[in-house]
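The structure appears right after this line, and notes come after that.
The values are calculated or read from the model by the stated rules, or taken from the named source; none is laboratory data. Everything numeric in this text was worked out from a predicted model, so none of it was measured. Positions of Cβ are backbone-derived with ideal geometry, glycine not excepted, and every protein chain shown enters the neighbour counts. Just so you know, the surface numbers come from the protein's heavy atoms only, side chains and all, with ligands and any DNA or RNA stripped out. Shrake-Rupley method; radii C 1.70, N 1.55, O 1.52, S 1.80 Å.
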Amino acid sequence: MRTDSSPQTIFRKDYTPPAFLVDTVELGFDLHPERTIVANRITLRQNPASKRRDIVLHGEDIELVQLRMNGQLLGKDDYLLDHATLTIKKAPAQVVLEIETLCAPVQNTTLSGLYVSNGNFFTQCEAEGFRRITFFPDRPDVMAKYTVMLRADKASYPVLLSNGNLIEQGDLDDGRHYAKWEDPFKKPSYLFALVAARLVCQEETFTLADGRDVLLQVWVEEGNLDKTDYAMQSLKNSIRWDEERFNLELDLDRFMIVAVGDFNMGAMENKGLNIFNTKFVLANPRTATDIDYAGIEAVVGHEYFHNWTGNRVTCRDWFQLSLKEGLTVFRDQEFSADMIGTDTGRAVTRIDQVRTLRQAQFPEDAGPMSHPVRPDSFVEINNFYTVTVYEKGAEVVRMYQTLLGRDGFRKGMDLYFKRHDGQAVECDDFRAAMADANGRDLGQFERWYSQAGTPVVTARTRYDAVKRNFDIILSQRCAPSAGQQDKLPFHIPVAVGLLGASGQDLPLTLEGGKHAKGATTIVLELTEQEQIFRFRNVDERPTPSILRDFSAPVVLEYDYTDDELLHLFSHDSDPVNRWEAGQRLAMERLLKLTAQVAAAGGSDANLKLDPTFINAQRAVLTDETLDAAFRELALILPSETIIAEQMDVVDPQAIHTARQFMRRTIGAALKEELIAQYHANQTPGDYSPDALSAGKRALKNLCLSYLMVAPDMAELKLAQQQFEKAGNMTDRSAALVAMIHSGAATGPYLQNFYEDFEGEALVVDKWFAMQAAAPTTNVAAVRQLMAHPAFTLKNPNRARSLIFNFTNANPSQFHAADGSAYDFWAEHVIKLDAINPQVAARLARAMDRWRRYAPALQAKMKQALEKVAARAKLSNDVLEVISKALA
Ligand code: 0A1
Ligand code: ZN
């Protein structure tokens, strides 16, 4: 926390190259929880690309003990030291600095820098945590070779790990021991890591495509060795996949994953020593759900893929964060899709991505923290690890592949590595590689990086039966965002197909297009504000299927009739648009019902749901030619958050009432079918997290949740039995969630669940989370849960499980009319900020959309925001979020 200076905004346009480059770093650690000594010897030389002569080192929350330059001890007059930097003016061209500092890892609750978790030492250096360990030019364009010597008590910390290869280890006096590590690759400081801990590992030798053997390890606390198989399997799959899809090989002899229970984010790609939140490592059928398994596969893949996209080629500055994150998310998405291997499996992963965008990224892009994929400014970089930089960034990368084709994309990747291996570069360099490798001009595509906001694409169509022409007229607009009043047109790939009357894809002939004969999906390139695309030889008025596979991160407006949507919902060969048609049918109705509830003062007494919609739902539910996973997605109604985003003035209670009415009505009307599908989609035998089984469980549990909206005795019994007999966490927790949401008495079941899993931190997180997100849980109940002995604000997973799930996933209670939950929010942003600013700032974002709520709520939300803003000692993290919300 910084209290001694007002926050500064940092601008991308102000980038200057570093005055000095670092060639080598030798670090020595004498590890002690209260008093760790760090000896740092760095060799620097003047950067020919800079005219400046000052050495500027960053340092925060560390005590300088001694400083030598070229062997000479420096006195206080030889350098400038403030709370954030150490500057040596007019330094010689070649410099060796020897810096000794002290820090207190056990006091470090921010979980940035060197800290202690459950008695073990860990580091987290991205984005600017290395400066909390030693003085250093802590910026990603300074890449150096590191050698690290670790010393610690042998009995307490038997395992000593750092980046690269272990080159020496042995015993010291006083029961201490040491290990020396050397990383053969140049890296930026944010990729440094160490672990000193009592841990055990699962390990394996793995043979790479070129025949080299490498050692793979997954390190966990002793009791968790039965939960490492899936992470290890995912790591091996990731290595193979990157070899096959991108011809990228593991460049080290050893690759380690270490799990830690206290962690701010999901995981971290430190060179050769990935440090993971336990949530994305530990799994066995008893403790982890299908979603947890999928998360582990994706995150293990993500961190591994960073080794090339992030580590070998890194970012010039933090404004380029999406260069590594957007690309690496895209890579992990493709990996997960390829692991399923089927077309519908791929589509199911794509639909999940679309849901995330709509649930989180579109709202961010329309709110006070809106920023381009490559931001122009920030106060605190940690606030920019966002869904925009990650998920929208991945969409931008995906669009290259959509525009250039898979082979063209691969050529671009190859050129990117050929040009930039070992460098720190910009998003523009990636775009240039894609363009140059394919002989394309991607100049306009740059706007995806520079302009914030979600573009809206509006489609109109006209059919000329005489000339057999079908025209699609596309236009685009994008609302203003902070500092960007007028937007220029984006380069938008819009994949289109046309359906005939019997639902078949029509072969397409685009006027002026160069497409394969018989193609049934064509990517239109919308580059102007408005463009007309003409399809020839169209024998009947078709139903257009626009934005297939969600080919761009935009909102599509088209005046579909219900009949057209029903036609697409039954027949579209593109599963994403098939799903989308169902979502549009549901959304139209949800918005009408919500308006009716609001007009009736909150009552659902006179609501009606049309049989057409119910029958369409029935048809999907019972269509056994469709994958269970797809049917489940098609039957989930748009979330309350997504509905809220469609409204000018949000009334969370009315939304909740309308959506519950719809669920109850569907549950009652399809009761027989739901019961039949519930039984038809059981997965007997040993648990396996494969996509087919997971899809069946998802559909079965969705059926259960529908049956449990207003359950009778038999249905309650079904849930209870599932809870008692479940052989895996997916089924067990789904049954418990259904019971909690139904409002039925769940006390003994919750108790029983807790007792069974008291010793499993990640399951206790679930226990808090499922209660926090239930519409039956109000703020008073959340406060009561906070008094539970297992609750603590200090552990981010635990804080998120209860507090964030309440503020972000329980809208009808969070927006209780009396504003009591807003006070709760303010209180905990403040409390968390004193412990961990990064986590506090994430919680602060729960108020992003406050201006869109009904006036009475808005006033109370504003008060809560002002209450936080009025605090004297806020971190820059929270200050940035709150002041942008109030601006
Ligand atoms: N680079 C990591 C994410 C990450 C970012 C910041 C962290 O600490 C502040 C930790 C992890 C990733 O993309 O996986
Ligand atoms: Zn990442």
For ASP572, what accessible surface area do you get with a 1.4 Å probe? Give it in Å², rounded to 10.
10
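Considering only protein heavy atoms, with the full assembly of protein chains and a 1.4 angstrom probe, order VAL523, VAL195 by accessible area, largest first.
Result, largest first: VAL523, VAL195.
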From the phi angles alone, apply the Karplus equation (6.51, -1.76, 1.60; θ = phi - 60°) to segment 601-606 and give each ³J(HN,Hα) in whole Hz, x where the residue is Gly or Pro.
x, x, 8, 10, 4, 9
Fraction of accessible area attributable to carbon and sulfur, the chain (%, probe 1.4 Å)
49
Could you sort THR205, THR388 by accessible area so the largest value comes first, with the probe set to 1.4 Å?
THR205, THR388
Heavy-atom accessible area of SER156 with all protein chains present, probe 1.4 Å, nearest 10 Å²?
60
Can you work out ³J(HN,Hα) from phi for every residue in segment 587-598, in order, using Karplus 6.51 cos²θ - 1.76 cosθ + 1.60 and θ = phi - 60°, giving whole Hz and x for Gly and Pro?
5, 3, 6, 4, 5, 5, 4, 4, 4, 5, 4, 4
Farthest toward positive dipole pole in the chain [+1 Lys/Arg, -1 Asp/Glu at C-beta], among GLY345, VAL142, ALA734:
VAL142
Scoring only Lys, Arg, Asp and Glu (+1, +1, -1, -1) among other residues with Cβ under 13 Å from the Cβ of ALA885 yields +3
With the 1.4 Å probe rolled over protein heavy atoms, segment 238-379 has an accessible area per residue in Å² of 23
Stretched out fully, how many nm does the piece from GLN94 to ARG419 gain, at 0.36 nm a residue minus the Cα gap?
114.2 nm
Nearest 20 debye, what's the magnitude of the dipole of the chain about its Cα centre given +1 on Lys and Arg Cβ and -1 on Asp and Glu Cβ?
1560
Residue-normalised accessible area of segment 647-782, expressed per residue, 1.4 Å probe, Å²
40
Given H placed on each backbone N at 1.01 Å, which residues far from ALA267 in sequence or on other chains put an amide H within less than 5 Å of it?
ASN277
Using the Cα centre of segment 641-728 as origin and beta-carbon charges of +1 (Lys, Arg) and -1 (Asp, Glu), tell me which of TYR706, VAL649, GLN660 is placed farthest towards the positive end of the dipole.
TYR706
For the chain, calculated [θ]222 nm from helices alone, where every DSSP H run of n ≥ 4 adds -39500 (n - 2.57)
-12000 deg cm²/dmol
At q = 0.19, 0.20, 0.32 Å⁻¹, base-10 log of I(q)/I(0) for segment 726-773 (Debye sum, equal scatterers on each alpha carbon)
-0.55, -0.61, -1.46
Give the Cα extents of the chain along the principal axes, in whole Å, largest first.
87, 67, 58
Of the peptides 297-303, 104-110, how do they stack up when ordered by the mean number of other Cβ atoms within 10 Å, highest first?
297-303, 104-110
So what are the ³J(HN,Hα) numbers for segment 663-672, from phi and the Karplus equation (6.51, -1.76, 1.60; θ = phi - 60°), rounded to whole Hz, Gly and Pro as x?
5, 5, 5, 5, x, 6, 5, 10, 3, 4
Going by accessible area, probe 1.4 Å, with all protein chains left in place, what is the ranking of ASP441, ASP290, ASP756, largest first?
ASP441, ASP756, ASP290
Residues meeting the amide H criterion for THR461 (H placed from the backbone, H to H distance under 5 Å, 5 or more places apart or on another chain) are ILE473
Zone of ALA854 (label point 7 Å along Cα→Cβ, backbone N under 14 Å): which residues in segment 645-672?
648-658
Sorted by chain and number, the residues with a modelled amide H under 5 Å from that of TYR853, at a separation of 5 or more or across chains, are VAL650
For TRP308, what accessible area in Å² do you get when you roll a 1.4 Å probe over the heavy atoms of the protein chains, rounding to the nearest 10?
30
Which whole-number percentage describes the relative contact order of the chain, with Cα contacts under 8 Å and a sequence gap of 6 or more?
9
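Within a Cβ distance under 9 Å of ASP833, other residues only, what is the Lys/Arg minus Asp/Glu net charge?
Combined, the nearby Lys, Arg, Asp and Glu give +2.
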